[in-house]
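Participant: Provided herewith is a single structure, encoded as structure tokens, for subsequent inquiry.
We did not get these values from a lab; they are worked out from the coordinates using the rules stated. Because the structure is predicted, anything quoted here is derived from the model rather than measured. Neighbour counts are summed over all protein chains in view; Cβ atoms, including those assigned to glycine, are modelled from backbone coordinates with ideal geometry.
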Amino acid sequence: MKKENTLYIVVPCYNEEEVLHETTKRLKEKLNKLIKDKIISKDSRVMYVNDGSKDNTWSIIKEINNKEELFTGITLSRNRGHQNALVAGLLTAKEYADIIISMDADLQDDINAIDEMLVKYSEGCEIVYGVRSSRKNDTMFKKITAEGFYKFMTLMGVDIVFNHADYRLTSKRVLDEFENFKEVNLFLRGIFPLVGFKSDVVYYERAERFAGESKYPLKKMLSFAWDGISSFSVKPLRFICALGFIILFISFIIMAYSLIQKVLGNTVDGWTFLTISIWFIGGLQMISIGIIGEYIGKIYNETKARPRYIISENLNESKKNK
Ligand code: UDP
Ligand code: MG
């Protein structure tokens, strides 16, 4: 009989002392059920990642680890932010697991979606994205800003899954490939679609936080959004070039207009020359900055040193292994 797969659930925690016990209770039930149903192996675990919390989060995690067989944890030397904490957890967990699911400590993501994610995995999907089916529980403000963010990212040419946060199943193999993306500024939602492989989505309703408060105030949200754009897109640089050409074009119209005015005698001395110069030089400068931008864009892409391609299957190898 085929051995069951080992599942690790990676949960980043920053100042989450209020929610940890409840989260542990709910995840324990879930894991036990999955183990009982022989969907996952007995070695499956929940791995908490303490992201340099200032409260008792780490001591609670250690206490849970002592009491509960299914729970383990790692801690970072200081607060490095949600995305880095996630990466630390994912890359640690992949050494022990076949399947890794990441989710938030506040269980806003419906843990019942795990079952469906595992079904998709058994059907051959290597990445399963959890997607929120509605935002009923969000404030109007959060809904508009968050959905605007996804739309803007797509406009900027970043390939992301609409309304998908970091609730996601990945196979060990995907994480092995993901490890080759060496960039330090991480925006996970943009990278996983780049890794590729067969993927699917699972819809779920996102609940409200049952305790504690959001660790993502507006300021962090904005810097996160900007990080996402600036780590994936050179479009802002392209805009400068386009703007330069537009201004240069306008400068020709202004040139014609100014000359006509001069011929008609509607101008004071020097006006025509000054107006034409300002617009023409403005356009030229903007184009020049845009060209420099194009080269910086190239340097930026090269420094990321992303893998050029990932081979998902090699028939020659599969024959040899038979
Ligand atoms: N988190 C983290 N490091 C941080 C901020 C947040 O590990 O610096 C974790 C946090 O503990 C939670 C997850 O990231 O598990 C998402 O945070 P939160 O629920 O506050 O965000 P929201 O759901 O409000 O967007
Ligand atoms: Mg939350």
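Participant: Please specify each residue of region 186-221 satisfying the condition of being within 13 Å of ligand 1 (Cβ to nearest atom) and assigned to a helix (DSSP H, G or I).
Facilitator: LEU188, ARG189, LEU218, LYS219, LYS220, MET221, listed by residue number.
Participant: Here is a further query. List every residue pair whose Cβ atoms sit under 7 Å apart, with the two residues 6 or more apart in sequence or on different chains, where the first one lies in region 47-69 and is without any contact (Cβ under 8 Å) to a residue 24 or more places away in the chain and the second, anywhere, is surrounded by fewer than 19 Cβ atoms within 10 Å (Cβ to Cβ).
Facilitator: TRP58/THR75; ASN65/THR72
Participant: Being assigned to a helix (DSSP H, G or I), out of contact with any Ser or Thr (no Cβ under 6 Å at 6 or more places or on another chain) and under 27 Å from VAL158 (Cβ atoms), is that true of even one residue in region 310-322? Lay out the reasoning, then the answer.
Facilitator: Filtering region 310-322 for residues assigned to a helix (DSSP H, G or I) gives 315-321.
With out of contact with any Ser or Thr (no Cβ under 6 Å at 6 or more places or on another chain) added as a condition, the list becomes 315-321.
Those left that are additionally under 27 Å from VAL158 (Cβ atoms): none.
No, region 310-322 contains no residue that is assigned to a helix (DSSP H, G or I), out of contact with any Ser or Thr (no Cβ under 6 Å at 6 or more places or on another chain) and under 27 Å from VAL158 (Cβ atoms).
Participant: Also: In region 101-115, what residues are among the acidic types (Asp, Glu) and either within 14 Å of LEU7 (Cα to Cα) or surrounded by 20 or more Cβ atoms within 10 Å (Cβ to Cβ) (or both)? Can you show your working first?
Facilitator: So the first thing to find is which residues in region 101-115 are among the acidic types (Asp, Glu), and the list is 104, 106, 109-110, 115.
Hits for region 101-115 are ASP104, ASP106, ASP109, ASP115.
Participant: How many residues, within region 261-275, are assigned to a helix (DSSP H, G or I) and surrounded by 10 or more Cβ atoms within 10 Å (Cβ to Cβ)? Working first, answer last.
Facilitator: Within region 261-275, the subset assigned to a helix (DSSP H, G or I) is 261-264, 271-275.
Now narrow it down to the ones that are surrounded by 10 or more Cβ atoms within 10 Å (Cβ to Cβ): 261-263, 271-275.
Qualifying residue count for the region: 8.
Participant: Which residue, of ALA85, ALA105, is within 19 Å of the chain's Cα centre (by Cα), in a helix (DSSP H, G or I), in contact (Cβ under 8 Å) with a residue 40 or more places away in the chain and within 16 Å of ligand 2 (Cβ to nearest atom)?
Facilitator: Working: ALA105 fails: in a helix (DSSP H, G or I).
The conditions single out ALA85.
Participant: Return the total of residues in region 46-84 being among the charged types (D, E, K, R) and within 15 Å of ligand 1 (Cβ to nearest atom). Don't jump to the end; show me each part of the working.
Facilitator: So in region 46-84, the residues among the charged types (D, E, K, R) come out as 51, 54-55, 62-63, 67-69, 78, 80.
In the following step, the residues that additionally are within 15 Å of ligand 1 (Cβ to nearest atom) were identified as 51, 54-55, 78, 80.
Residues that pass the stated criteria total 5.
Participant: When the residues of region 222-257 are narrowed to those that are among the small types (Gly, Ala, Ser) and away from ligand 1 (no atom under 16 Å from the Cβ), which ends up surrounded by the fewest Cβ atoms within 10 Å (Cβ to Cβ)?
Facilitator: Initially, region 222-257 is screened for residues among the small types (Gly, Ala, Ser), giving 223, 225, 228, 230-231, 233, 242, 244, 251, 256.
Narrowing the set further to residues that are away from ligand 1 (no atom under 16 Å from the Cβ) leaves 230-231, 233, 242, 244, 251, 256.
On the way: SER230: 14, SER231: 17, SER233: 18, ALA242: 13, GLY244: 21, SER251: 20, ALA256: 11.
Ranking the candidates gives ALA256 first.
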